[in-house]
Amino acid sequence: MRLRRAGPYATSLELDGPPSPATSLRLGRLRERLASSAPPEVRDVVPGFTSLLIEHRPTLTPRTLHGWLARATGADAGEPSGRLRTLRVAYGLDADVAELEPALGLPFERIARLHREHEATVAFVGFTPGFPYLLGLPEALDLPRRERPRTRIPAGAVAIAAGRGGIY
């Protein structure tokens, strides 16, 4: 773990390694410990793929910050655990079939089956309130992000890009 200044009133606590379900579970547990023991100057602890952003007031001293982090990160939290949720997806409804099939080199039925059969981990919630960033997408479904994001996406739509998924 390392600390990095992330602005005048923010510090990023970064874990080593790439995003993974295990890292997301570890960050979730760490975020809970930090939030429950935060000094009054800490405004929020926001998770990312491999980091926690600590937003604080200007009155938080480096000594207080480092002492709090040492106590919270030094405690053994045990094995992280999560909850399993099953989501229903209506494949084909407004799907980008004409784009997905040639981009992935697979028929849409196979794309839907690969997506349906995988188990994803919510890495964190962000971008917009309630939007879950998902890890664990099958390699066969890896697509680049769009050059221009869409401005309108129906609620409940499932997205895949850059090896990750999301639910609008």
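Inspect the stretch 76-87 for any residue being at pLDDT below 90, open to solvent by 70 Å² or more (accessible area, probe 1.4 Å) and more than 21 Å from V125 (Cβ to Cβ) and give the result as yes or no.
Among the residues of the stretch 76-87, at least one is at pLDDT below 90, open to solvent by 70 Å² or more (accessible area, probe 1.4 Å) and more than 21 Å from V125 (Cβ to Cβ), which makes the answer yes.
Let me spell it out: the conditions are (1) over 30 Å from A155 (Cβ atoms); (2) under 21 Å from the mean Cα position of the chain (by Cα); (3) open to solvent by less than 60 Å² (accessible area, probe 1.4 Å); (4) not β-branched (V, I, T), and L60 meets all of them except one. Which number is the exception?
(2)
Would you be able to say whether some residue in the stretch 67-80 is of a type outside the set (S, T, N, Q) and over 24 Å from R26 (Cβ atoms)?
no
In the stretch 97-132, which residues are modelled with pLDDT of 90 or more and aromatic (F, W, Y)?
Result: F108, single match.
Could you figure out which of (1) assigned to a loop (DSSP other than H, G, I, E, B); (2) out of contact with any Gly (no Cβ under 9 Å at 6 or more places or on another chain); (3) of a type in the set (A, V, I, L, M) isn't true of I54?
Status for I54: all satisfied but (1).
Restricting attention to the stretch 1-42, which residues are in contact (Cβ under 8 Å) with a residue 40 or more places away in the chain, open to solvent by 50 Å² or more (accessible area, probe 1.4 Å) and assigned to a helix (DSSP H, G or I)?
P21, A22, L25, R26, R29, R33
For the stretch 113-166, enumerate the residues that are polar (S, T, N, Q) and loosely packed, with under 15 Cβ neighbours inside 10 Å.
T128, T151
Scan the stretch 121-135 for residues that are more than 21 Å from D96 (Cα to Cα) and not in a strand (DSSP E or B) and jot them down.
Result: G126, F127, T128, P129, G130.
The values are calculated or read from the model by the stated rules, or taken from the named source; none is laboratory data. Predicted, not measured: the structure shown is a model, and the values here were computed from it. Ideal geometry is used to build each Cβ from the backbone, glycine not excepted, and the neighbour counts take in all protein chains shown. These accessible areas exclude ligands, DNA and RNA; they are computed on the full protein's heavy atoms, side chains included. Shrake-Rupley method; radii C 1.70, N 1.55, O 1.52, S 1.80 Å.
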